[in-house]
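Peer 1: One structure, pasted below without further comment.
The values are calculated or read from the model by the stated rules, or taken from the named source; none is laboratory data. Nothing here was measured: the structure is a model prediction, and the numbers come from that model. Quick reminder, even Gly has a Cβ in these numbers, built from the backbone with ideal geometry, and neighbours come from all protein chains shown.
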Amino acid sequence: MISLFIRRRTALLCLFISYFSLLRAAAYTPPDIRSLNADNIHYMRVGSTVGIDLNSNATVLAGTAPDFNRAQLTVILTQGLPGEDSLSIRPTTSGTARITLQGRKVLYNGVVIGTCQPALDWISLTVRFNEKASAASITAVIRSLAYTNLNAVNPIVATRAIRVAISDGYGSISATSVVRLDIVVLRPAPVATNDYYRIPTGQTSLAIPAPGVLRNDYHPAKGSFESKLTRDTPIGHVMIGRDGSVQYTPQPGSTGTYTATYTTCDTWGACTSATITFQMGGENEAPQAIPDHYYIQEHQGLFIKNSALGVLGNDVDPNSGTNVVHIATLVSPPAHGTLTFYPNGTFMYHPVADYHGTDTFVYRTCDAENACAEGIVTITMADVDYPPSAPDIILAVSDTTLVTGDLLQGVLNYDKDRLRASILTEPVWGSLVLTGDSTFSYISRRNQEGIERLLYQVCDGNMQCDTATLVIVVTNSNNKPVVSLPVLISVREDTPTPLSEIVFADADAGNSPVRVTFESLPTGSAFTATTLSPDLSIVRTGTRVINITGPILSINTWLKQQNLIYTPVKDATSGQSIRVTINDLGNSGSGGAQQTVVSKSVAVIPVNDAPINNLPGNQTTKENELLTFTGTRSIRVSDVDASERNIMVTLTAIRGVLVTSSGPGENNAEVSTLVLTGRLDSINAVLATLAFRPLKPGTATLTVTTNDLGNVGEGGPQTALGTITIAVIATPAVVTRVTALSADGLYKVGDRIMLAVQFNHAVWVSRAAPTLALAIGEGSQATYQGGSGTPQLLFDYTVQTGDLTSRADYVSAQALSLNGAIIQDSLATDAVLTLPTPGSKSSLKGTSHLSVDGVLPAPPQLIIPAHNSSIENDVLMLAGISEAGSHVLITLNGNVIATAITDAVGGWDYQHDAILYVGKHTIALQAMDSAGNASDLSQPTTIFKIGGSVVSNESGEHRQTPRAYPVPANDVLFIDIGAQRQMPIELQVIDSRGIIRTDFSWEQHEHVLTVDVSSLGGGLYVLLLTAADEQHKERILIVK
């Protein structure tokens, strides 16, 4: 059912939308309005009336309906303001197409052609036409449509849209023509209001601060404005600031009143003038506010632009007399409308919708000296008795189809009266029953087609009525066929099942053929059909779709005889469905072929499927080699319905054992029988690590038995059994790996290293002892220690002096020598003694990390102090060189006093903090390398502790020897050997390598030596001083 109704502005818009949707169902082509759509009206004079047909050329073309009786013209204005905008029909009293009004009656050239019904807020109107109307008369009415803006104070400038459409009274309506209407308001000038000021007796001047004269002025557009003096008083002098401030100096002794004129201008240069009255002397009296009364009708706006008609127009100011100079401000707003209030007493008032009665607001009037009074304004809105407005109702329905509606659904009930509806004419094609006050039901007779045009009337409690049309477009349309499927369709898994409870029906197909389509979903399911009766034909599309054509009765009989067979997707227990379609091929009625599609899920009863062992073919392997079941040899178990449930797999090995790994290098115990219980994916993960180790040559077997434990579906537990035959070939013993049983690390002279040569299976050694040639030192041989009867032979080697390697390995793949021994397997077959290639993953170097250092370190060298040197008044400082990374044991006078560690280049130093006794001391050194090898003792170094000398530089800084003294910037040292030693001195310079240097110069002045070392390179040096009597020897350590 489609209904058409009006609900004020928004509902009127729905009228057009609803009509458009009916065009396909209507029996007649709609009328057309030409040359009106997209007209653009510029409305520039508020209060005037303008036609909405810009060029007066709008034209109505009739559709195919026989007449315009009960046709309706609808005009709607949007984006407007109720009470401000007004639509009307403007009479045209001249010419050949005259439109006049008599009350609500619309006359064309003196003949009544319809009735006008304006909306309550005047922003929409409708014209209901009678049998006298024609395309020409409706054209004249559209050309007479007019718009008026009633807000003379400050109209809303939003663009209005006026929508016009005409229905033909038979269920068709024209396309909507939209006229754009722009409100063009000239830029308003500010409003200036007369001012009054009193100068008390004896006061010589008057100063009024801002806003002064602008206090009661305003700008309708809310723009800024300022004031200036345009005419001074005849006596005295007036100054007016731009901000409205006033300074008036009257002539001394003057009395009475004097006037000046000022002008208020905005930023665009629009100006208005007003008068300022100055009263000399007298007392100020408060103004008197006289109550105001205004009268309008319900839904009308009140726009007071003239200040004389505003709230101040009847008020009294005893001081300013007839000028009535004062300012108005709003105290309390009205309760039943919106108010815009201005300082000069003008205002705009919009009542709320549907309100009638009185509304009040309070204002305050004040004079220039802020003496005030309050007044009340009463606005009376008369209750207007509006008749209800009934819309046309348009329904489209097929024959024999019951349709219901409500005659009051879209009626505009302005006065909220109780309404009653009645049907004025009887239907032709069927029967209509009116129930209650307004609801009705209608049904046509079978095979009827036509348009029912029924008049209905809506009346309120005052018997004001409106008549509209109920249009029912009846079509003899083709009824849609029906598919009935059983509530539940269930089949057993993987089992073909007949579907015999599907039933088709079509009210108007009779014995005419229809086409039914059966489609199984998803891919993999199938429909099959047995023999058809002669009056049915079948077309197949693949395995999932069957099309059968014939009478419905024959199709239903064929189905009942279980001739349609459905098979779900193999192993599927969910996600199955069928789609059944019936197309009546247009049989019978208008509207073309009708089709119904019904889909239905198919419940599949699970049947327990047996598991499947996916096994490789028979295998061949070598004795004692591990046969892994990966890649093409992988063993996997599958079960289509196991899902997340547990299954059990039993693996049994004959003449071998099973090995599984839970991770790299993590082997479980070797067993002959392995039982796995768990989820399918977990079991397959274990099977992916499965391996078989033969126990002896010959034929071995691996049996796999899978039990699904009866987890899913009917039928109980299901099992699968499979066997893999494995041919085990005997192989000679071969070396698979050489490794060290001793820990990884660094070995020195005398350390023992235990090695193992590993075969693929057990071997026996007899007659002699084999050896293993090592690439460690000259002629290094590891000797056999044992292991006969196992897969591992043991060898031992003791590190010899001179052995040296960073990573031990054997000399070659033939490094294992028998020396007259025999190595055989259990079958007395000679073992293959070829070793893994040296450096490979399975070689000694690849499996172990053994470092050998059998080279003894050289005795350390002592550079500082030098042999036979002397020290005095300082601690002992030692420095020298040894093997890099070694430990240096320092012996003083036969006692070990410390251990120093050499750096990366072999240097070392040590400071002995204990003070030595005066006399002779002996120092000896011994080195121990990182492997623990110890050197011989170094040659002893003799030193003498005697009195020390003082070394200084040019700044007078000095320190006592023997600490290393830094050479100053000018490379000159001053050495004071003491006043008691003025005998000749011999001076030598020895570098860190023990070489005596001659590339320096020196001289002696009494007991001070001056030494120039500028020609020496950077480094550590010893200055050796010897007295001529050789009784004084001194060693001084310097660093440059």
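Peer 1: Scan region 515-557 for residues that are within 17 Å of residue 584 (Cβ to Cβ), in contact with a Leu (Cβ under 8 Å, 6 or more places away or on another chain) and without any contact (Cβ under 8 Å) to a residue 24 or more places away in the chain and jot them down.
Peer 2: The one that is within 17 Å of residue 584 (Cβ to Cβ), in contact with a Leu (Cβ under 8 Å, 6 or more places away or on another chain) and without any contact (Cβ under 8 Å) to a residue 24 or more places away in the chain: 554.
Peer 1: Need the failing condition index for residue 486 against (1) over 30 Å from residue 510 (Cβ atoms); (2) touching a residue at least 12 places away in the same chain (Cβ under 8 Å), just the number.
Peer 2: (1)
Peer 1: Is it fair to say residue 236 is in contact with a helix residue (DSSP H, G or I) (Cβ under 7 Å, 6 or more places away or on another chain), at positive phi and surrounded by 15 or more Cβ atoms within 10 Å (Cβ to Cβ)?
Peer 2: It is false that residue 236 is in contact with a helix residue (DSSP H, G or I) (Cβ under 7 Å, 6 or more places away or on another chain), at positive phi and surrounded by 15 or more Cβ atoms within 10 Å (Cβ to Cβ).
Peer 1: Suppose we keep only residues that are within 16 Å of residue 754 (Cα to Cα) and under 60 Å from the mean Cα position of the chain (by Cα) within region 791-845. Which one would you say is surrounded by the fewest Cβ atoms within 10 Å (Cβ to Cβ)?
Peer 2: That would be 807.
Peer 1: On to the next question. Can you tell me which residue in region 576-596 is surrounded by the fewest Cβ atoms within 10 Å (Cβ to Cβ), limited to those that are assigned to a strand (DSSP E or B) and over 39 Å from the mean Cα position of the chain (by Cα)?
Peer 2: So, considering only residues that are assigned to a strand (DSSP E or B) and over 39 Å from the mean Cα position of the chain (by Cα), the one surrounded by the fewest Cβ atoms within 10 Å (Cβ to Cβ) is 590.
Peer 1: When you go through (1) under 30 Å from residue 1039 (Cα atoms); (2) touching a helix residue (DSSP H, G or I) at 6+ places or on another chain (Cβ under 8 Å); (3) of a type outside the set (Lys, Arg) one by one for residue 838, which number turns out not to apply?
Peer 2: Just one mismatch for residue 838, condition (1).
Peer 1: Something else: Just checking, how many residues over region 389-411 are under 25 Å from residue 465 (Cβ atoms), surrounded by 21 or more Cβ atoms within 10 Å (Cβ to Cβ) and of a type outside the set (A, V, I, L, M)?
Peer 2: Number of matching residues: 4.
Peer 1: Filter region 678-736 down to residues that are of a type in the set (D, E, K, R) and either under 30 Å from residue 822 (Cβ atoms) or assigned by TED's automatic domain parsing to the domain that holds residue 838 (or both), then give me how many there are.
Peer 2: 2
Peer 1: Residue 288: more than 60 Å from the chain's Cα centre (by Cα) and in contact (Cβ under 8 Å) with a residue 60 or more places away in the chain, yes or no?
Peer 2: Yes, satisfied.
Peer 1: I'd like to check something: does region 257-269 contain any residue that is over 60 Å from the mean Cα position of the chain (by Cα), among the hydrophobic types (A, V, I, L, M, F, W, C) and outside the structural domain of residue 340 (by TED's automatic domain parsing)?
Peer 2: yes
Table: residues versus (1) in a loop (DSSP other than H, G, I, E, B); (2) crowded, with 19+ Cβ neighbours inside 10 Å.
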{"position": "142", "(1), (2)": "no, yes"}
{"position": "146", "(1), (2)": "no, no"}
{"position": "151", "(1), (2)": "yes, yes"}
{"position": "180", "(1), (2)": "no, no"}
{"position": "198", "(1), (2)": "no, yes"}
{"position": "213", "(1), (2)": "no, yes"}
{"position": "221", "(1), (2)": "yes, no"}
{"position": "230", "(1), (2)": "no, no"}
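Peer 1: If you don't mind, another one. What strands (runs of 3 or more DSSP E) lie completely within region 747-805 and have 2 or more residues being of a type in the set (Ser, Thr, Tyr) and in the same structural domain as residue 833 (by TED's automatic domain parsing)?
Peer 2: 781-786, 790-798
Peer 1: Does region 608-618 contain at least one residue that is more than 30 Å from residue 630 (Cα to Cα) and surrounded by 13 or more Cβ atoms within 10 Å (Cβ to Cβ)?
Peer 2: No: zero hits.
Peer 1: Could you grab the pairs with beta carbons closer than 7 Å, sequence gap of 6+ or different chains, first residue in region 578-603 and over 22 Å from residue 551 (Cβ atoms), second one in a loop (DSSP other than H, G, I, E, B) and of a type outside the set (Lys, Arg)?
Peer 2: As it stands, the answer is 600/485; 600/489; 602/489; 602/568; 603/488; 603/489, since those pairs meet every condition given.
Peer 1: In region 562-575, which residues are within 48 Å of the chain's Cα centre (by Cα) and of a type in the set (A, V, I, L, M)?
Peer 2: If the condition is that a residue be within 48 Å of the chain's Cα centre (by Cα) and of a type in the set (A, V, I, L, M), then 569, 572 are the ones that fit.
Peer 1: Pick from 758, 814, 792: which is without any contact (Cβ under 8 Å) to a residue 24 or more places away in the chain, under 28 Å from residue 731 (Cα atoms) and not aromatic (Phe, Trp, Tyr)?
Peer 2: The unique qualifying residue is 814.
Peer 1: If you go through region 268-285 one residue at a time, how many are modelled with pLDDT of 85 or more and in contact with an Asp or Glu (Cβ under 9 Å, 6 or more places away or on another chain)?
Peer 2: 5
Peer 1: Additional query: Filter region 447-502 down to the residues that are assigned to a loop (DSSP other than H, G, I, E, B), out of contact with any helix residue (DSSP H, G or I) (no Cβ under 6 Å at 6 or more places or on another chain) and hydrophobic (A, V, I, L, M, F, W, C), then identify the one that is nearest to residue 393 (Cα to Cα).
Peer 2: 463
Peer 1: Also, quick follow-up: State whether one or more residues within region 691-708 are touching a helix residue (DSSP H, G or I) at 6+ places or on another chain (Cβ under 6 Å), surrounded by fewer than 18 Cβ atoms within 10 Å (Cβ to Cβ) and more than 20 Å from residue 646 (Cβ to Cβ).
Peer 2: No; the residues of region 691-708 include none that is touching a helix residue (DSSP H, G or I) at 6+ places or on another chain (Cβ under 6 Å), surrounded by fewer than 18 Cβ atoms within 10 Å (Cβ to Cβ) and more than 20 Å from residue 646 (Cβ to Cβ).
Peer 1: Given the criteria closer than 30 Å to residue 493 by Cα, of a type in the set (S, T, N, Q) and not assigned by TED's automatic domain parsing to the domain that holds residue 512, does residue 660 qualify?
Peer 2: Taking the combined requirement at face value, the residue does not satisfy it.
Peer 1: Can I ask one more? With the checklist (1) surrounded by fewer than 15 Cβ atoms within 10 Å (Cβ to Cβ); (2) modelled with pLDDT of 85 or more; (3) more than 55 Å from the chain's Cα centre (by Cα); (4) at negative phi in hand, flag the one item residue 446 doesn't pass.
Peer 2: Evaluating residue 446 over (1) surrounded by fewer than 15 Cβ atoms within 10 Å (Cβ to Cβ); (2) modelled with pLDDT of 85 or more; (3) more than 55 Å from the chain's Cα centre (by Cα); (4) at negative phi leaves (2) as the failure.
Peer 1: Just for region 108-140: of the residues that are among the polar types (S, T, N, Q) and touching a Ser or Thr at 6+ places or on another chain (Cβ under 6 Å), which one is surrounded by the fewest Cβ atoms within 10 Å (Cβ to Cβ)?
Peer 2: 117
Peer 1: Could you tell me whether residue 723 is in contact with a helix residue (DSSP H, G or I) (Cβ under 9 Å, 6 or more places away or on another chain), polar (S, T, N, Q) and assigned to a strand (DSSP E or B)?
Peer 2: no
Peer 1: Return the residue satisfying two criteria in turn: it lies in region 604-643 and is in contact with a strand residue (DSSP E or B) (Cβ under 9 Å, 6 or more places away or on another chain) and among the small types (Gly, Ala, Ser), and of such residues it is farthest from residue 723 (Cα to Cα).
Peer 2: Within region 604-643, the match that is farthest from residue 723 (Cα to Cα) is 643.
Peer 1: Examine region 870-883 for a residue that is over 60 Å from the mean Cα position of the chain (by Cα), crowded, with 17+ Cβ neighbours inside 10 Å, modelled with pLDDT of 90 or more and not assigned by TED's automatic domain parsing to the domain that holds residue 803, and state whether such a residue exists.
Peer 2: no
Each row is one residue, and each column tells you yes or no for (1) over 29 Å from residue 584 (Cα atoms); (2) assigned by TED's automatic domain parsing to the domain that holds residue 397; (3) in contact (Cβ under 8 Å) with a residue 40 or more places away in the chain; (4) aromatic (Phe, Trp, Tyr).
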| residue | (1), (2), (3), (4) |
| --- | --- |
| 463 | yes, yes, no, no |
| 466 | yes, yes, yes, no |
| 471 | yes, yes, yes, no |
| 513 | no, no, yes, no |
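Peer 1: Can you name every residue in region 180-230 that is under 60 Å from the mean Cα position of the chain (by Cα) and of a type in the set (Val, Ile, Thr)?
Peer 2: The answer is 183, 184, 185, 191.
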